[in-house]
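Trainee: Following this message is one structure expressed as structure tokens.
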């Protein structure tokens, strides 16, 4: 019988079992790396570096996880914080150049060749919409869980998902016709 | 009724979420984890237990092979029922306070 995340966490906490933590990394590496790839616009190497930092930080602070949220949600939150710290260092955080971000989001300015690819369309959304759509529509988090991960109000998450989806639908409609 | 474009978008988003192959990622993370240390809480429990056993043994032999226990029971049996009840109540209260303190100081999830 396969062990649950809770069983593995108990082994890490009680016995300091690093193999159990390794199994947790194996289980959650794909969605965490996928989220970070979306956040850093498909820079695979950078996303993997941030994902490694995410898991190392999770291991160091594993005793602060009390099971009040799902383990995956806790990991997404750490991943998002790691990304934000990185973005701050590089001064790439959203809001610094909102005009440029809006221009990136305008379907008219996107290379027509990219319209066929939904992932590229997603990568061209402003960061806050891209993150919300990725968490809720791709990774399957509820709006509540996404609000917890992003540390923003529930209403803001809903708005960002709605706006992001509307933009994607426009691109999809253009592609479909 | 759901917008067909919404359904198409949901399906595409789900379908285009690729599984990222591990390809050595987990092994790389494991290499960078801090070395496993024997936890201080485990060591502390062992030290306290060993010190307790040692203290009991020393007290036992130093007091004429447990005469102090005999004396204590003799004194306890000489107490009035009300005094005995007070002693029991005091011990129970001290244990309750210690338990409450431990429960209230338990930390919640923290953001890292």
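Nothing in this text is a laboratory measurement; each read-out follows from the coordinates by a stated rule. Everything numeric here is computed off the predicted structure, so don't read it as measured data. Here the Cβ is made from the backbone with ideal geometry for all residues, glycine too, and neighbour counts use every protein chain on show.
Trainee: If each residue's Cβ is checked for other Cβ atoms within 10 Å, how do A:39, B:86 rank with the fewest at the top?
Mentor: B:86, A:39
Trainee: What's the FRET efficiency of residue B:70 with residue B:96 using the Cβ-Cβ distance as r and R₀ = 22 Å, to the nearest 0.05?
Mentor: 0.15
Trainee: Also: Sorting A:55, A:65 on the 10 Å Cβ count, fewest up front, what's the list?
Mentor: A:65, A:55
Trainee: Working from the pairwise distances between different alpha carbons, so that the mean of 1/r is found and then inverted, what is region A:1-93's Kirkwood radius in Å?
Mentor: Kirkwood hydrodynamic radius for region A:1-93: 13.7 Å.
Trainee: In peptide A:60-69, what is the residue-averaged number of other protein chain Cβ atoms found within 10 Å of each Cβ?
Mentor: That works out to 3 on average.
Trainee: Quick one: if the Förster radius is 45 Å, what FRET efficiency do residue B:45 and residue A:84 give, using the C-beta to C-beta distance and rounding to 0.05?
Mentor: About 0.70, to the nearest 0.05.
Trainee: Exposure proxy check: A:23, A:45 ranked by fewest other beta carbons within 10 Å?
Mentor: Ranked by crowding around the Cβ, least crowded first: A:45, A:23.
Trainee: Per residue of B:17-24, count partner chain C-beta atoms within 10 Å of its C-beta, then hand back the mean as an integer.
Mentor: Per-residue shielding by partner chains comes out at 5.
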